[in-house]
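Colleague: Dumping the structure here so I can ask a few things about it.
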Amino acid sequence: MKAAELFVRCLENEEVEYIFGIPGEENLDLMDALLDSHIQFILTRHEQGAAFMADVYGRLTGQAGVCLSTLGPGATNLVTGVADANMDRAPVVAIAGQAATSRLHKESHQVLDLVNLFEPISKYSTQILTPDIIPEVVRKAFKVAQSEKPGCSFIDFPENIASFEVNKPPLKKQSALPPEPNSHKVKQAAEVISQAHYPIIIAGNGVVRSNASHALEEFASKLNIPVATTFMAKGVLSCGHELSLGTVGLQANDYISCGIDRADVVICVGYDIVEYQPHLWNHNPGCKIIHIDSQPAEVDEFYIVEAGLIGDIGSALAKISAISQRHKTPFYQNLKQHIDERMQAYKDDSGFPLKPQKILHDLRRALQPEDIVISDVGAHKMWIARMFQTLAPNTCIISNGFASMGIALPGAIAAKLAKPKQVAVAVTGDAGFLMNMQEIETAVRLQIPIIVLIWNDAHYGLIKWKQENHFGRESHVAFTNPDFVKLADAFGAKGYRIEKASDLLPTLKKAITDDCVVLIDCPVDYSENLKLTEELGHLICPS
């Protein structure tokens, strides 16, 4: 068989369902081989969209999402999505065609050194120089991408190699189980927790990846310790749980900071320093940190670990709780009540344009607990992270490692493919939407029903927020928008415009029953941004 056919067989061996991408001249053999495979090729309208789809698919399934481009400009278009996946710890295998090996040694049309280009933004970057190594390259790419901490593998596939004859089978799939935590470290952590007066848990994305949400809930409940989550761990403890303090990560004071600042022990479970730098939350020199994760702690002067447990997170939590003392009713009880009250404060607000708090309240009411919200990056991301009430893990996807604009729309397409029974909503600013709006055509063509909720303020809202906060004025952040309803119609999708606050909830419910691609143009009142900044700047912790 051709090397390209062997490559496809290796992908099938890895149980690949979808490949997101755009074909080119340099991967003609590979594209032809896919015609005889059960793998579905999702033709996208931009390679960045393809990479974002692979990114979100990987986060939701734990299996590497796969994206494909041709050489040169096609490959460079993958870069932002690949970097996002790598820093958000999403397993992805990116594949790019390449010129024939007979012209890689010299200046040549569209030729770049792709292996070195992708090396800093991936865990593994390689080129196939002989067909005999294809089984090893593919197996290693998936193994590395899916191993903790997950990330991206990149494969450069020269066009002449793809047409060579080869006779090799794929390699057997293998994956190691995480080790059991060290018993001495378990005892050490239990002693620190038992002696604590004000312990608190910060749960990160590692809890989601290790399927340890239930173990975390049992640990917190048994020891009566409250839990705050990072942006990418929303839902590992339901917001309705009595010990849930919501989300941390705003680089300003927030209500949850009151609890962390008072804590004498912070238990970091699956916490990733790339999301929320320790100097932003560790303001207590006497605070002891316990690190529970699949990987050792990063070196940071504000993250000096008292006890570190490396291995299976669920097992570590169970073993620690078995020998730790339960704490009395925590001092955070008033804080929890205060946070819950603030979350409900704008549920009946009738102002127009709509306040962020009102939009998120209605969105939560319209969706089932298992439905999926994909947040783009911008001012709305901060509101979603802070206020959207998440009831289960992997139902609110936020990019907070690389935090790249443009992820929500392609991400929602991938979410619907990965979880077809769940509603997928892309929540995006007008700026982020326009960065990858071409993928509306992809969703319409493939009849993938998604809802795109556009927060319309005709500004780069997050930058405006920061400019006004620092300098009292904005600078070069305003723009104009197309008519989003007409744009939806032009793509063959449905479009709705929100014209008063009471329109939003029924429109969201209608969009769900429409079961097609829907765009909702929702004007947003971002004057709430500075009000929040002022409120948190004068924050007095509830006693």
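The values are calculated or read from the model by the stated rules, or taken from the named source; none is laboratory data. Quantities reported herein were computed from a predicted structural model and do not represent experimental measurements. Every residue, glycine among them, receives a Cβ derived from its backbone with ideal geometry; neighbour counts consider all protein chains shown.
Colleague: Anything in region 210-262 that is outside any strand (DSSP E or B) and among the hydroxyl-bearing types (Ser, Thr, Tyr)? List them, or say none.
Modeller: The answer is Ser210, Ser213, Ser221, Thr230, Ser238, Tyr255, Ser257.
Colleague: Inspect region 252-265 for any residue being more than 21 Å from the chain's Cα centre (by Cα), at pLDDT below 90 and within 19 Å of Pro393 (Cβ to Cβ) and give the result as yes or no.
Modeller: Among the residues of region 252-265, at least one is more than 21 Å from the chain's Cα centre (by Cα), at pLDDT below 90 and within 19 Å of Pro393 (Cβ to Cβ), which makes the answer yes.
Colleague: Turning to a different aspect of this structure: Exactly one condition in (1) surrounded by fewer than 24 Cβ atoms within 10 Å (Cβ to Cβ); (2) in a helix (DSSP H, G or I) is not met by Leu409; state its number.
Modeller: Unmet condition: (1).
Colleague: Another question about this same structure. What residue, of His279, His283, is more than 24 Å from the chain's Cα centre (by Cα) and either in a loop (DSSP other than H, G, I, E, B) or without any contact (Cβ under 8 Å) to a residue 40 or more places away in the chain (or both)?
Modeller: His283
Colleague: Can you find, within region 18-41, the residue that is nearest to Gly72 (Cα to Cα) among those that are free of Cβ contacts under 8 Å to residues at least 40 places away in the same chain and either surrounded by 15 or more Cβ atoms within 10 Å (Cβ to Cβ) or basic (Lys, Arg) (or both)?
Modeller: Of everything passing the filter in region 18-41, Met31 is nearest to Gly72 (Cα to Cα).
Colleague: Here's another thing I want to ask about it. Exactly one condition in (1) free of Cβ contacts under 8 Å to residues at least 12 places away in the same chain; (2) charged (D, E, K, R); (3) farther than 19 Å from Gln127 by Cα is false for Glu47; which is it?
Modeller: With (1) free of Cβ contacts under 8 Å to residues at least 12 places away in the same chain; (2) charged (D, E, K, R); (3) farther than 19 Å from Gln127 by Cα applied to Glu47, the lone miss is (1).
Colleague: How many residues are closer than 17 Å to Ile19 by Cα, in a helix (DSSP H, G or I) and not hydrophobic (A, V, I, L, M, F, W, C) if we restrict to region 69-109?
Modeller: Looking only at that region, the number is 2.
Colleague: From the list Ile273, Ile359, Ile339, Ile374, which residue is closer than 23 Å to Asn400 by Cα, touching a residue at least 12 places away in the same chain (Cβ under 8 Å) and assigned to a strand (DSSP E or B)?
Modeller: Ile374
Colleague: Go through (1) out of contact with any Gly (no Cβ under 8 Å at 6 or more places or on another chain); (2) outside any helix (DSSP H, G or I) for Gly314 and report which single condition fails.
Modeller: Exception for Gly314: condition (2).
Colleague: Is it fair to say Pro356 is touching a His at 6+ places or on another chain (Cβ under 8 Å) and either crowded, with 21+ Cβ neighbours inside 10 Å or farther than 30 Å from Val79 by Cα (or both)?
Modeller: Against the criterion (touching a His at 6+ places or on another chain (Cβ under 8 Å) and either crowded, with 21+ Cβ neighbours inside 10 Å or farther than 30 Å from Val79 by Cα (or both)), Pro356 qualifies.
Colleague: Please pick out the residue among Ile323, Ile292 that is modelled with pLDDT of 90 or more and surrounded by fewer than 18 Cβ atoms within 10 Å (Cβ to Cβ).
Modeller: Ile323
Colleague: Let me ask something additional. Report yes if some residue within region 175-184 is part of a strand (DSSP E or B) and either in contact (Cβ under 8 Å) with a residue 40 or more places away in the chain or surrounded by fewer than 17 Cβ atoms within 10 Å (Cβ to Cβ) (or both); otherwise report no.
Modeller: no
Colleague: Can you find, within region 116-171, the residue that is nearest to Ala64 (Cα to Cα) among those that are in a helix (DSSP H, G or I) and small (Gly, Ala, Ser)?
Modeller: Applying the filter and picking the extreme gives Ala145.
Colleague: Ok, one more. Hey, which of the helices (runs of 4 or more DSSP H) in region 426-484, taking only ones fully inside, have at least 1 residues that are in contact with a Ser or Thr (Cβ under 8 Å, 6 or more places away or on another chain) and polar (S, T, N, Q)?
Modeller: The helices (runs of 4 or more DSSP H) meeting that bar are 439-445, 461-471.
Colleague: Can you report the number of residues in region 271-292 which are touching a strand residue (DSSP E or B) at 6+ places or on another chain (Cβ under 6 Å) and among the β-branched types (Val, Ile, Thr)?
Modeller: 3
Colleague: Right, something else. Does Glu528 satisfy the criteria of being closer than 23 Å to Met53 by Cβ, in contact (Cβ under 8 Å) with a residue 40 or more places away in the chain and out of contact with any Asp or Glu (no Cβ under 9 Å at 6 or more places or on another chain)?
Modeller: no
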